[in-house]
Amino acid sequence: MAKPSPYQIEDLVQLFVRTLSPGSLSWLASASLDIDLLRVEGDSVGDMAALSSKLVTRLVDADKLEEALALLKREAKQNPYLVVGLREILEGRRLDSPQLQALLTDYEPFFNSATFQRMLPRVSSVVCAVAVKNELRGTGFLIGPDLVLTNYHVIPECLRPNGAADTFIQDAVGSELQFVFDYQHEPPPQLSGTAGGRSGRVVVVRAAAQWLVHARRTRPGEGTAAAEAVGLQHDYVVVRLERDIGNRPSRVGGGWIRGWLQLPKEECDYVSKKRVVVFQHPAGMAQQLDVGYLEQLDASSTRAWYRVSTAQGSSGGAAVDANGELLALHNAAVDSPPGPPAPRPEDRVNQGVRIDTIAADLRGCAAWQDPPDPDKQATTVWSLNDNTREPRPIIGRRVFREYIEEMMTGDGKRVMSVIGDYGTFVRFTIALLQRMLGNQAQVVRFGPGNMQKLAPEEFARALVEQLGVASDPKDPRPQQTSTETRERWLGLDLPAWVARQLVRHAKAQPGNFPAWVIIDVAVPPNDTVFWTDGLRELVTALVGVRDAGQVVEIPQLRWLFLSTAPLPAAGMDHLKEDLRGDADLPDGFRECMQNAWQSIDQLEAALPENFLRAIAVTTLKDNSRAAAPQSARKALAAKVVDFLESAHTP
């Protein structure tokens with residue numbers, strides 16, 4: 001992107017202040033700049049405007065703003081200002097425009113719903129721009145690991161009738177059809193000379209040599225009163241790709257697979273005024289979404305009409321409901337819909353071919369087999385970032401990653417402690433946590449200085465404020481009184497007040513939870529953290545350790561303790577990772593290298609296991625003999641970087 005204007009920088013800062021927590025800013029800084037923002041800008045931690053401004057300035061100065069915003073759009077917790085506001089800023093419009101405010105007012109409850117926040121990144125990652133001979137034409141989306149659904153009229157010159165009027169054969173070689181994933185912001189990708197695979201910020205996949213699965217022609221007069229009878233004219237084509245991109249992680253550094261949208265197995269429910277979201281690449285531009293309502297079915301009952309703003313080039317877009325379930329394959333604007341004329345472009349009526357009609361038609365073909373259900377598992381995260389030229393490999397730490405996944409479930413444990421030798425383990429552990437969570441969860445952090453300075457009531461206030469929770473003025477923070485014991489105040493009154501604030505906030509912002517609280521008490525050898533009077537008792541109560549019948553449950557929080565010595569955690573049922581002593585680092589290197597090799601799209605075949613272990617053993621021996629040896633994990637991580645660099649060198 002071009003250098004941002006002062007207005008864009010100002011609006012980005014406002015956007016970050018409104019939508020991100022200090023922990024979220026720290027996540028973005030770690031992923032994009034490899035810095036610990038809360039440490040390097042410690043003086044600004046209590047001032048979100050200053051902290052946001054400094055982060056944006058650092059991103060601009062490092063020429064990393066484009067990369068950071070792409071990551072934010074893909075991974076961030078979505079809300080109205082992240083969904084719509086970021087798009088407005090990047091397209092040169094002001095964040096405070098009346099049009100934007102009207103749109104947000106209309107759709108804010110929907111955008112803020114947990115359902116929408118879960119749906120958006122899942123659907124966005126499977127939608128692609130469709131190109132023919134390097135020219136962007138329309139939109140498509142995955143309906144299988146290697147199957148894209150788009151409109152017939154997007155690529156008509158690539159098909160010709162096969163004698164019978166309703167069957168076709170392909171009339172273009174697979175390399176002429178390109179499908180561009182992760183095209184989230186301008187400028188358009190350069191497709192000329194692209195052989196396929198990752199190309200900068202996007203992934204380009206070509207069609208297979210025998211790419212045509214099935215097609216139905218467009219109905220003449222589509223979207224007008226003069227439209228012909230439908231028959232089999234459903235305006236779709238299913239294209240097979242040369243690679244199963246749906247089975248690969250959507251991020252280079254590993255993580256959840258991209259997946260695909262499932263075709264319905266039964267007739268869909270097209271209820272009037274049902275919420276509709278259309279994902280699209282209008283006129284070859286970066287991916288956009290528009291939200292509206294289902295109006296009705298057309299006279300043939302094969303097209304769904306909805307009031308959603310779309311533009312030329314949106315053909316082939318995915319029209320989904322609030323849960324991300326397919327409703328229609330977008331294919332046209334409606335020329336003369338019933339009812340009064342649309343006063344605004346976003347109120348005009350568009351249409352899509354019913355997805356259950358397409359699914360039934362495909363299942364009537366003898367050669368068609370329904371794709372399997374998407375595998376909802378994740379591949380192992382192997383790098384803290386997605387930069388293949390400067391990755392940050394993760395050697396080992398499988399126990400930690402498995403524990404995080406367990407803790408994110410509703411019935412898992414909520415507390416974990418990590419013990420290690422003083423050094424970089426704290427910073428790396430926090431970065432790994434943020435990498436696994438993305439920006440889907442709030443993360444707040446208290447360091448040794450906080451634990452030695454904050455009084456219990458100050459800690460409770462800071463915890464609530466850092467989570468972005470506005471205290472209820474009708475429910476003030478309780479003060480210790482002369483008529484009750486200090487033990488009851490610390491163990492019941494303050495924790496119960498925190499719990500009430502979080503319950504109230506979770507009802508309005510359910511997508512913000514579970515949130516994570518990091519207690520960092522790791523200090524150099526011979527140093528000790530002297531907790532303020534009563535703070536240990538308060539934290540113990542907040543994590544759920546109390547006498548039977550006196551526990552205050554706070555299911556919205558997960559706790560991570562980082563220490564250089566075992567914590568006095570009597571009665572605390574928690575998960576533990578001990579980084580001291582020996583670990584199977586050769587196996588950690590093997591796992592990291594294998595996942596790195598398979599996550600990078602150009603590199604497909606698995607590497608021999610014994611070969612990788614031998615490299616690890618040799619690397620550790622060479623490192624131990626070096627004049628200035630690195631830590632074992634750093635030496636193996638450097639070898640991963642060298643290996644990948646040599647793989648990219650012609």
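For Pro478, the test of being surrounded by fewer than 20 Cβ atoms within 10 Å (Cβ to Cβ), at pLDDT 85 or above, of a type outside the set (S, T, N, Q) and in contact with a helix residue (DSSP H, G or I) (Cβ under 6 Å, 6 or more places away or on another chain) is passed.
Close Cβ contacts (under 9 Å, 6 or more residues apart or on different chains) running from residues in region 149-175 that are of a type in the set (Lys, Arg) to residues that are in a strand (DSSP E or B) comprise Arg160/Phe168; Arg160/Ile169; Arg160/Gln170. Among residues of region 1-33 being touching a Ser or Thr at 6+ places or on another chain (Cβ under 8 Å) and free of Cβ contacts under 8 Å to residues at least 40 places away in the same chain, the one that is surrounded by the fewest Cβ atoms within 10 Å (Cβ to Cβ) is Val17.
Okay, residues lined up against (1) at pLDDT 90 or above; (2) more than 20 Å from Ala496 (Cα to Cα); (3) under 33 Å from the mean Cα position of the chain (by Cα); (4) buried (at least 19 other Cβ atoms within 10 Å of the Cβ):
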| position | (1), (2), (3), (4) |
| --- | --- |
| Leu535 | yes, no, no, yes |
| Gly544 | no, no, yes, yes |
| Val551 | no, no, no, no |
| Gly588 | yes, yes, yes, yes |
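In summary, Val130 fulfils each of the numbered conditions (1) under 19 Å from Leu191 (Cα atoms); (2) modelled with pLDDT under 95; (3) of a type outside the set (Gly, Ala, Ser) with the single exception of condition (2).
If you go through region 135-146 and keep only what is within 18 Å of Gly259 (Cβ to Cβ) and either within 20 Å of the chain's Cα centre (by Cα) or surrounded by 23 or more Cβ atoms within 10 Å (Cβ to Cβ) (or both), you end up with Thr139, Gly140, Phe141, Leu142, Ile143, Gly144, Pro145.
Screening Val278 on (1) crowded, with 22+ Cβ neighbours inside 10 Å; (2) under 23 Å from the mean Cα position of the chain (by Cα); (3) in a loop (DSSP other than H, G, I, E, B); (4) of a type outside the set (Asp, Glu) shows it passes everything except condition (3). Assessment of region 602-610 against the conditions (over 29 Å from the mean Cα position of the chain (by Cα), in a loop (DSSP other than H, G, I, E, B) and modelled with pLDDT of 80 or more) yields at least one matching residue.
Scanning region 186-210 for residues that are at pLDDT 75 or above, assigned to a loop (DSSP other than H, G, I, E, B) and surrounded by fewer than 18 Cβ atoms within 10 Å (Cβ to Cβ) yields Pro187, Pro188, Gln190, Leu191, Ser192, Arg201.
With respect to the conditions (1) modelled with pLDDT of 90 or more; (2) assigned to a helix (DSSP H, G or I); (3) out of contact with any Asp or Glu (no Cβ under 8 Å at 6 or more places or on another chain); (4) farther than 25 Å from Leu567 by Cβ, Pro495 lacks only one, and its number is (4).
For region 453-469, the count of residues that are without any contact (Cβ under 8 Å) to a residue 40 or more places away in the chain and either buried (at least 22 other Cβ atoms within 10 Å of the Cβ) or assigned to a loop (DSSP other than H, G, I, E, B) (or both) is nonzero.
Residue by residue, here is whether (1) under 27 Å from Leu72 (Cβ atoms); (2) of a type in the set (A, V, I, L, M, F, W, C) holds:
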position: Val426; (1), (2): yes, yes
position: Leu432; (1), (2): yes, yes
position: Gly447; (1), (2): yes, no
position: Pro473; (1), (2): no, no
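Arg137 passes every criterion in (1) under 25 Å from Ala2 (Cβ atoms); (2) at pLDDT 75 or above apart from (1). Being in a helix (DSSP H, G or I) and crowded, with 19+ Cβ neighbours inside 10 Å holds for only one residue in Ile430, Ile395, and it is Ile430. Counting the residues of region 414-435 that are under 13 Å from Arg392 (Cα atoms) and aliphatic (A, V, I, L, M) gives 2. Evaluating His505 against the criteria (1) surrounded by fewer than 19 Cβ atoms within 10 Å (Cβ to Cβ); (2) more than 29 Å from Ala565 (Cα to Cα) leaves one unmet condition, (1).
Exactly one residue among Gly253, Gly221 is assigned to a loop (DSSP other than H, G, I, E, B) and touching a residue at least 40 places away in the same chain (Cβ under 8 Å), and that residue is Gly253.
The values are calculated or read from the model by the stated rules, or taken from the named source; none is laboratory data. Treat the numbers as computed from the prediction; the structure is a model and nothing was measured. Note that we place each Cβ from the backbone using ideal geometry, even for glycine, and neighbour counts take in every protein chain shown.
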